[in-house]
Amino acid sequence: MAVGVVGGLALPAAAEGATVSLWHMDETSGTTMHDAVGANNGTLTNVGLGARGALGHAYGFNGSSSIATVPSAADLNPGPSDFTASIRVLALAEPSVTVGDYDLIRKGLSSTSGGEWKIEVLRGPNGAGVASCHLKGSSGSATITAGPPVTDGRWHTIVCATRATGMALFVDAAGFGKSVTIGSISNSAKLTIGAKNGGGDWTQGLLDEATWSMP
């Protein structure tokens, strides 16, 4: 996708820079999620395999116990550097009223020492799910929740990116940014896809083509 300028920031609508990890989610058997470009393989728990994806195959998440877990690694921590995370989602349900959101990809929790980053879907005012990017670092935290509903049974690409002076969220071709100083994000937490580490905020739907990039 082309580079967009949002809030004065030149930010990509897809991962740019050096791709550290790329999970195609094309496996049709086994319990390993293979990293196509790096060493950050993951473990699958109760994840459906072989669904038709945005590209190739996709993983199915059941909304109650499905999760992909990648061990913590230094190259999954941005520190003070810029980064871009992206994932494709075909949501099969809106976030519940009681929980209010579900996690697509994240590293760390609000209580995690060293900060966190995540892409999730939040329940909007009319019940439809809206994409959200949240960052918490040594200098502050910020969230962008914006864009069209993504709980419409279609594939959507969601991108969260940071640069020195701000952050941006892209939902397909739509971009939303803000000027903010986050500081360093570096933790020892596992990277998880489809839920938070330890369970909860479970995704119900299909996920595909997750990437993690740094300059």
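The values are calculated or read from the model by the stated rules, or taken from the named source; none is laboratory data. In this text the structure is predicted, and so the values were computed from the model without any measurement. Cβ sites come from the backbone with ideal geometry, for glycine too, and all protein chains shown count toward neighbours.
Residue count for segment 124-140 under the criterion of being farther than 16 Å from residue 195 by Cβ and part of a strand (DSSP E or B): the result is 7.
Scanning segment 81-123 for residues that are crowded, with 21+ Cβ neighbours inside 10 Å and either in a loop (DSSP other than H, G, I, E, B) or in contact with a helix residue (DSSP H, G or I) (Cβ under 8 Å, 6 or more places away or on another chain) (or both) yields 95, 107, 108, 115. Among the conditions (1) closer than 27 Å to residue 51 by Cα; (2) in contact with a Cys (Cβ under 7 Å, 6 or more places away or on another chain), residue 157 misses just one, which is (2). Checked against the criterion of being within 17 Å of residue 118 (Cα to Cα), modelled with pLDDT of 95 or more, buried (at least 22 other Cβ atoms within 10 Å of the Cβ) and among the small types (Gly, Ala, Ser), the candidates 73, 15, 68, 58 yield just one match: 68.
Here's the yes/no breakdown for (1) of a type in the set (Ser, Thr, Tyr); (2) without any contact (Cβ under 8 Å) to a residue 40 or more places away in the chain; (3) under 16 Å from residue 63 (Cβ atoms):
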position	(1), (2), (3)
90	no, no, yes
93	no, no, yes
104	no, no, yes
108	no, no, no
113	yes, no, no
122	no, yes, yes
134	no, yes, no
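Residues of segment 141-171 that are in a loop (DSSP other than H, G, I, E, B) and without any contact (Cβ under 8 Å) to a residue 40 or more places away in the chain: 146, 147, 148, 149. Given the condition crowded, with 21+ Cβ neighbours inside 10 Å and either under 13 Å from the mean Cα position of the chain (by Cα) or modelled with pLDDT of 95 or more (or both), answer yes or no: does some residue in segment 140-148 qualify? The answer is yes, given that some residue of segment 140-148 is crowded, with 21+ Cβ neighbours inside 10 Å and either under 13 Å from the mean Cα position of the chain (by Cα) or modelled with pLDDT of 95 or more (or both). Against the condition in contact with a Pro (Cβ under 9 Å, 6 or more places away or on another chain) and of a type in the set (S, T, N, Q), how does residue 81 come out, does it pass? Yes: the conditions hold for residue 81.
For segment 51-67, a residue qualifies if it is more than 19 Å from residue 198 (Cα to Cα), outside any strand (DSSP E or B) and within 16 Å of the chain's Cα centre (by Cα), and exactly one does: 54. Counting only residues that are under 15 Å from the mean Cα position of the chain (by Cα) and within 25 Å of residue 48 (Cβ to Cβ), segment 68-86 holds 6 of them.
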